[in-house]
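Provided herewith is a single structure, encoded as structure tokens, for subsequent inquiry.
Bear in mind that the values in this text are calculations on the coordinates, not laboratory data. Small disclaimer: the values here were computed from a predicted structure and weren't measured. Here the Cβ positions follow ideal geometry from the backbone for every residue, glycine too, while neighbour counts run over all protein chains shown.
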Amino acid sequence: MLPALLSAVGVATGCVLLLSLTVLRTNPRRTLRRVREAFGARARAVARASAELLAADPRHHARLRRRLHARHYACPKPR
């Protein structure tokens with residue numbers, strides 16, 4: 001039983017190594033660019049929501065405050 005198990009582990013290790021070096025290879029520059037773009041988009045959304053809150057009529061502050069909170073914590077938009 002042990003030799004069959006060791007051969008299966010060897011084949012699985014070879015498959016994972018082959019996939020990680022070919023198909024699943026990550027590009028660190030592309031990953032960093034995507035993270036920076038996502039961070040920038042979130043920062044712009046928070047800034048836009050903050051500006052709306054500051055410029056809004058006081059009657060709408062509660063709704064806009066919830067929207068700002070949702071943008072800041074990346075939660076789904078409150079309904």
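How long are the semi-axes of the ellipsoid equivalent to the chain, from square roots of 5 times the Cα gyration tensor eigenvalues, in whole Å, largest first?
51, 17, 6
Summing +1 for each Lys or Arg and -1 for each Asp or Glu, what net charge is found among the other residues whose Cβ lies under 13 Å from the Cβ of Ala43?
+4
Give me the one-decimal nm value for the distance between modelled label points at Val9 and Leu21, 7 Å along each residue's Cα-to-Cβ direction.
For Val9 paired with Leu21, the spin-label model returns 2.1 nm.
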